[in-house]
Amino acid sequence: MSNFIGIRHEDKYKLERRAPLTPKHVARLVKQKKLDIIVQTSEKRVFSDEEYIHAGAKIAKDLKKCSVIFGVKEMPESFFEPEKTYVFFAHVVKGQQYNMAMLRRLMELKCNLIEYEKVVDEQGKRLIFFGRYAGMAGMINSLWALGLRLRDAGYSSTLVKLKQAHHYPSLNEAKDDISAIGQLIAENGIPHELRPFVIGFTGYGNVSQGAQEIIGLLPVKEISPEKLLELHRRKKLPDNIVYKVIFKEEDLMEHVDGDPFELHDYYANPHNYRSRFEKYIPYLSMLINCVYWDKRYPRLVTKQYLKKLFAKGQPRLSVIGDISCDVEGSVECTLKPTEIDDPIFVYDPDTEQITMGHKGPGMLVMAVDILPAELPRDSSDGFADVLVNFVKPIADADFNEHFDDLDLPKPIKKALILHNGELTPDYKYMEEFLK
């Protein structure tokens, strides 16, 4: 049983200002659950030390008194102390080599590690996540980037009024700006040369839903992928509508032997499938990529295809918001993740090189890999709304018990990767990554 619960200061990224628990949630834990909470002091966190003090927490330079420590992103190896419990996004379950040394250190110190990513319900659905806010920040940034690109092309676009997400004090203020732009589009229309203006969304999970929430502030009409292929043939279209297309797995992939698409088979045997997404790309004005991807799966946008596309002249597609941000992944021209303070680049298909910023020939890509950090107050609040329910059970748990006897909520026990420095049964496969 823990005496003190710690909230760590985030230091992996310069502009990382989120917190796993907000002052509002800390007040609830202190007053209702009678927990003692120590918050590591921070000058950059979006919530001030004073807010946490007012909520009933103590402020300290270090968390040495704490036996359970909550954070957001990875923690440096030097921070860990023996036999403590750490709860954060560890990014180790896929064998990410850049975090294996961190995992080994936790094992050496006989620590407990709970990974937010693996806190799931009985159906395997994640319970604690920032994904919706990644989608919203990514969509705001992509619209902002589109405004810059349209201005470069000589269009007088209302989107130039937008700012990058992290420049807004709150999500509501960003939404107000986008709603105002939506009103102007409804009243004044879209330039003829840009019609029909179509935004494609790959994926339909939390990230995609967040992005769609933002685009829903514009005058939007949703159409199916097949209707998209017919849209360009229509001679008369409304001049003040933004079209939205959501692409699911069956729209993106096809069986190499011509067999019918089966979702379960696709995830079990991705090598039997290939992308059919290229048939839709020429009709998109903007692509928002929100799909899960790893190297077993076919890519959606390849470098080779982009070279062919640009060889025919400037394509309709001008901006890719790669919210998934897998380097050379489903969008192969995402050659690097970008920082909040340098968020976009232009990929030149001829040279296969990138130029940071929005100038130059090629495809503009937005690929910030910590997008929720651009909406730190709102995203922290939404994240903590769920996490707060698990804090007391984690604090009360006796981690000296045998794993089978641990009294933890099922979703938390599923997410316990290390128990006293040992890989738990569901994560024994990771021994291969540690060799």
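Can we say Asp152 is over 27 Å from Glu432 (Cα atoms), of a type in the set (Asp, Glu) and either modelled with pLDDT under 95 or touching a Cys at 6+ places or on another chain (Cβ under 9 Å) (or both)?
Answer is yes for this residue.
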(request) For Arg195, indicate whether it is in contact with a Ser or Thr (Cβ under 7 Å, 6 or more places away or on another chain) and basic (Lys, Arg). (result) no
(message) Condition (residue is touching a Lys or Arg at 6+ places or on another chain (Cβ under 8 Å), modelled with pLDDT of 95 or more, surrounded by 20 or more Cβ atoms within 10 Å (Cβ to Cβ) and closer than 17 Å to Gly135 by Cβ) applied to region 348-355: is it met by at least one residue?
(response) no
(message) Of all residues being among the charged types (D, E, K, R), within 21 Å of Ala134 (Cα to Cα) and surrounded by 15 or more Cβ atoms within 10 Å (Cβ to Cβ) in region 164-202, which is farthest from the chain's Cα centre (by Cα)? Just the residue, please.
(response) Asp177
(message) Among the residues of region 364-422, what is the count of those that are within 28 Å of Glu81 (Cα to Cα) and in contact with a Pro (Cβ under 7 Å, 6 or more places away or on another chain)?
(response) 8
(request) Test each condition in (1) basic (Lys, Arg); (2) at pLDDT 95 or above; (3) under 21 Å from the mean Cα position of the chain (by Cα) for Lys227 and report the one that comes out false. (result) (3)
(request) Filter the strands (runs of 3 or more DSSP E) completely within region 160-258 down to those with at least 2 residues that are within 28 Å of Arg18 (Cα to Cα) and in contact (Cβ under 8 Å) with a residue 40 or more places away in the chain. (result) 197-202
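Just to check your reading of the model, which residue among Lys65, Lys73, Lys12, Lys44 is at pLDDT below 95, part of a loop (DSSP other than H, G, I, E, B) and either of a type outside the set (Ser, Thr, Tyr) or assigned by TED's automatic domain parsing to the domain that holds Ile412 (or both)?
Answer to the check: Lys12.
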(message) Quick check on region 108-137: of everything there that is touching an Asp or Glu at 6+ places or on another chain (Cβ under 8 Å) and part of a helix (DSSP H, G or I), which residue is surrounded by the most Cβ atoms within 10 Å (Cβ to Cβ)?
(response) Ala137
(request) Would you please list the contacts, defined by Cβ atoms under 7 Å and residues six or more apart or on different chains, that run from a residue in region 100-115 that is under 18 Å from Gly71 (Cβ atoms) to a residue that is polar (S, T, N, Q) and surrounded by fewer than 21 Cβ atoms within 10 Å (Cβ to Cβ)? (result) Asn112/Asn420
(request) Looking only at region 145-154, decide whether some residue is without any contact (Cβ under 8 Å) to a residue 60 or more places away in the chain and among the basic types (Lys, Arg). (result) yes
(message) Can you find a residue that is touching a residue at least 12 places away in the same chain (Cβ under 8 Å), out of contact with any Asp or Glu (no Cβ under 7 Å at 6 or more places or on another chain) and over 30 Å from Lys12 (Cα atoms) anywhere in region 317-337?
(response) yes
(request) Kindly provide the set of residues from region 15-32 that are touching a residue at least 24 places away in the same chain (Cβ under 8 Å), part of a loop (DSSP other than H, G, I, E, B) and either of a type in the set (S, T, N, Q) or crowded, with 22+ Cβ neighbours inside 10 Å (or both), ordered by number. (result) Arg17, Arg18, Ala19, Pro20, Leu21, Thr22
(message) Condition (residue is in contact (Cβ under 8 Å) with a residue 60 or more places away in the chain, of a type in the set (S, T, N, Q) and in the same structural domain as Trp144 (by TED's automatic domain parsing)) applied to region 283-299: is it met by at least one residue?
(response) yes
(request) Within region 305-323, identify whether any single residue is more than 23 Å from Arg126 (Cα to Cα), polar (S, T, N, Q), crowded, with 18+ Cβ neighbours inside 10 Å and modelled with pLDDT of 95 or more, and answer yes or no. (result) yes
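What residue, among those in region 333-347 that are hydrophobic (A, V, I, L, M, F, W, C) and outside any strand (DSSP E or B), is surrounded by the fewest Cβ atoms within 10 Å (Cβ to Cβ)?
Among residues in region 333-347 that are hydrophobic (A, V, I, L, M, F, W, C) and outside any strand (DSSP E or B), the one surrounded by the fewest Cβ atoms within 10 Å (Cβ to Cβ) is Leu335.
Condition (residue is assigned to a helix (DSSP H, G or I) and touching a helix residue (DSSP H, G or I) at 6+ places or on another chain (Cβ under 8 Å)) applied to region 322-330: is it met by at least one residue? Lay out the reasoning, then the answer.
Within region 322-330, the first condition is being assigned to a helix (DSSP H, G or I), and the residues that meet it are none.
No: zero hits.
The values are calculated or read from the model by the stated rules, or taken from the named source; none is laboratory data. The structure displayed is predicted, hence computed values, not measured ones. Here the Cβ is made from the backbone with ideal geometry for all residues, glycine too, and neighbour counts use every protein chain on show.
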